[in-house]
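Structure, as structure tokens:
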Amino acid sequence: MWNRIFPNRFKLLKAFILIFVSLSFLLRCIFLYKSIYETDNSLFTLISTFAIGLFFDIGTVSFFAIPYIIYLVVIPKKLYGTIFDRVVTHVAFALGLLIFLFSFFAEITFWMEFHRRFNFIAVDYLIYTYEVVKNINESYPIPWLLGAILTVLFILIFITHKAKAFHYTFKNQTTFKEKLLPAALIIGIAFIFAAFVNNEKAEQFENRYNNEIAKTGIYSFFAAFRNNELSYTDFYKTLSEEQVFSILKKDYKSPKVTFVNPKEKSILRTVKNSDSLKLPQRPNIILICVESLSSRFLNSFGSDLNITPTLDSLANESLFFTNIYATGTRTVRGMEAITLSIPPTPGRSIVKRENNGGLFTIGEVFREQGYERNFFYGGDGYFDNMNTYFGGNGFNIVDRGRGFLLDTSIKTKRTNIDDDEVTFENAWGVCDEDIYNKVIKEADKAQLTGTPFFNFIMTTSNHRPYTYPKGKIDIPSGTSREGGIKYTDYAIANFLKQAKTKPWYNNTLFVIMADHCASSAGRWALDVENYHIPALIFNAGIKPEKVHQFCSQIDVFPTIFDLLNWDYTTNLFGKNILDMKPEDERAFIGNYRKLGLLKSDSLMVLSDQHKSDFYKWERTDNSLKEIPENATFLNKTISYYQAADYLYRNKGLKIKK
């Protein structure tokens, strides 16, 4: 029957499909092996995982088969086996296999970094080819990988020739009528997948790893390409807009707070701190946003790695937040949370979206207080749209530009990190020591003007390939994340040592916080412990204290504004952590599709397709147990996320002129 459906003219196409399915099966086995202790390994679940995977493999390969199917149908019998036919067939077969093999190896490296199939991160990386290609070249033995791909390609072509698939494809008498059935079957499968099967259909398990293993990477990639920005109201549970803002205004009600327009769909409000006996303070503020610094790396959180001596020492000299959580899984999410003080909206970060200038960020509060605002990045701030975002929101840019210019409509100062200021550089930019040296130079200049400054510094050394100057620490460069973290810690120590010699040091408040964890992937869609980060505030008169309130990245700067005794107008979602009562404590965690509100040991998760799930978080083993839904908790979760999306899409986050 199989041969009657697929006559001899389709022998090579059958081999092509079989190779793809076999490679996909092998890839699933590798991912299962790599995550064997995280997956649900019951027999029925594993069979279901691989069966769903086969279903998506067939759908995926059908799209690749369509061009060749059309060729097979339209070419007349008299051209079978001609030079033209042989050249087209060999080139198409080799090109298809090359794509499959490249995807095979690329997925392995992506899984090692993110423990996921291709998603919107992979799509984003296509845009920034310079950094990504350089990073891959520094992280992996590219000549060996390319050699392996080509070797496997030639082996597969040789085996296919030995199996006479080419011979039967060229030497046959298949009629036009006989070609219609297989063509219709494959095109029909592709149509069904395009019209009715979305990537989320693969997610049939509670365990996230099983869901990811069941997917097909290429299909996931194109699904992410289509859906990297999601409309909250189209895909998630909603309330009436009036109900949303009524719930939020009750949540922000305080003796210090007055809403500017109480009847509008807005959270714009004034915060009054000046009735107290303290005078407003305006120290310089330096934020060090540390790449991928999970709390589990610090001895202060129970680690025994001994790779963060500086941060562990500072934890005893700071406002040290022990229960703070990142909102997302990427640097742009951390930047969004810190600067916009907003829960994560579905899809791509606001940092990467269009029309993201002129927003009410923490920079606007600093502007009202007379501060100069600067964004420091050791690479090219073109990456991830950072320069456009920060420049469009009033920050001066200091980066390692390579010719990419900001949008000419953005009026901001841009300072380059010159070659003679660089001692070490990799794919992501200069080493942390070099960026800190530049910060000190610019702070020295600002000191002469008498204008207070807010410096946002984004570090890069704790990022694959984990390379840094030799001879600084006892872990060889480029060998491990632990080395990247230890060098990051070393560079902070060196920076503070230099800063202490400067006249501006005593009047400078330092903030150190991670952008996100080293890996957010776990067995759950939102793995709570993998959002736990460190945050410290110290110097300029700050009294050391361990702060145990359950809080979010978005709360750090509203807390600082209150500590400095400022009166200010705010459109920010964050609250003063130090004023939080137990019932006020909460954290926002999410990825590009799942949106969570975490309170103590309760987690509400909103998903697309208008779903919600309520869990009890078991801290001892970082597991989630599904529990009956709480309507009040659900409505508050919806209100935060729906309001964030509404305000962004309706220009409610814009600065009011």
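The values are calculated or read from the model by the stated rules, or taken from the named source; none is laboratory data. Treat the numbers as computed from the prediction; the structure is a model and nothing was measured. Ideal geometry is used to build each Cβ from the backbone, glycine not excepted, and the neighbour counts take in all protein chains shown.
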Original post:
Does region 466-483 contain at least one residue that is of a type in the set (Asp, Glu) and closer than 27 Å to Phe588 by Cα?
Top reply: no
**OP:** Search region 141-178 for residues being surrounded by 16 or more Cβ atoms within 10 Å (Cβ to Cβ) and hydroxyl-bearing (Ser, Thr, Tyr), and hand back the single one that is farthest from Glu425 (Cα to Cα).
**Re:** Thr174
Original post:
Does at least one position in region 3-14 carry a residue that is of a type in the set (A, V, I, L, M, F, W, C), loosely packed, with under 14 Cβ neighbours inside 10 Å and either within 34 Å of the chain's Cα centre (by Cα) or closer than 16 Å to Phe100 by Cα (or both)?
Top reply: no
Original post:
Is there a residue in region 598-614 that is under 23 Å from Ile247 (Cβ atoms), charged (D, E, K, R), within 20 Å of the chain's Cα centre (by Cα) and part of a loop (DSSP other than H, G, I, E, B)?
Top reply: yes
**OP:** Check region 419-426 and report whether any residue there is among the aliphatic types (A, V, I, L, M), touching a residue at least 60 places away in the same chain (Cβ under 8 Å) and assigned by TED's automatic domain parsing to the domain that holds Ser292.
**Re:** no
Subject >> Filter result for the condition that a residue is surrounded by 16 or more Cβ atoms within 10 Å (Cβ to Cβ) and in contact with a Leu (Cβ under 7 Å, 6 or more places away or on another chain), over Gly574, Gly596, Gly652 >> reply: Gly596
**OP:** All but one of (1) of a type in the set (Val, Ile, Thr); (2) assigned to a loop (DSSP other than H, G, I, E, B); (3) outside the structural domain of Ala92 (by TED's automatic domain parsing) hold for Thr174, so report the exception by its number.
**Re:** (3)
**OP:** Name, by its number, the condition in (1) at pLDDT 95 or above; (2) not in a loop (DSSP other than H, G, I, E, B) that does not hold for Met386.
**Re:** (1)
Subject >> Among the residues listed as Ile397, Ile457, the single one being modelled with pLDDT of 95 or more, more than 17 Å from Ile285 (Cβ to Cβ) and assigned to a strand (DSSP E or B) >> reply: Ile397
Original post:
Counting only residues that are in contact with a helix residue (DSSP H, G or I) (Cβ under 9 Å, 6 or more places away or on another chain) and among the basic types (Lys, Arg), which one in region 513-563 is modelled with the lowest pLDDT?
Top reply: Arg523
Subject >> Considering residues of region 307-344 that are more than 26 Å from Gln642 (Cβ to Cβ) and without any contact (Cβ under 8 Å) to a residue 24 or more places away in the chain only, the residue surrounded by the fewest Cβ atoms within 10 Å (Cβ to Cβ) >> reply: Ser313
Original post:
If you go through region 441-456 one residue at a time, do you hit one that is crowded, with 20+ Cβ neighbours inside 10 Å and β-branched (Val, Ile, Thr)?
Top reply: no
**OP:** For region 294-305, indicate whether the set of residues that are touching a residue at least 12 places away in the same chain (Cβ under 8 Å) and closer than 26 Å to Leu268 by Cβ is non-empty.
**Re:** no
Original post:
Taking Lys445, is it on the phi < 0 side of the Ramachandran plot and free of Cβ contacts under 8 Å to residues at least 12 places away in the same chain?
Top reply: yes
**OP:** Search region 553-568 for residues that are on the phi > 0 side of the Ramachandran plot and pair each with any residue that is surrounded by fewer than 22 Cβ atoms within 10 Å (Cβ to Cβ) when their beta-carbon atoms are under 6 Å apart and the residues are at least 6 apart or on different chains.
**Re:** Asn565/Asn273; Asn565/Lys278; Asn565/Pro280
Original post:
From the list Glu38, Glu107, which one is crowded, with 20+ Cβ neighbours inside 10 Å and within 28 Å of Tyr140 (Cα to Cα)?
Top reply: Glu107
Subject >> Positions within region 503-512 being crowded, with 23+ Cβ neighbours inside 10 Å and either part of a loop (DSSP other than H, G, I, E, B) or at pLDDT below 90 (or both), in sequence order >> reply: none
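Has region 190-203 got at least one residue that is in contact with a strand residue (DSSP E or B) (Cβ under 8 Å, 6 or more places away or on another chain), under 27 Å from Leu595 (Cα atoms) and surrounded by fewer than 16 Cβ atoms within 10 Å (Cβ to Cβ)?
No.
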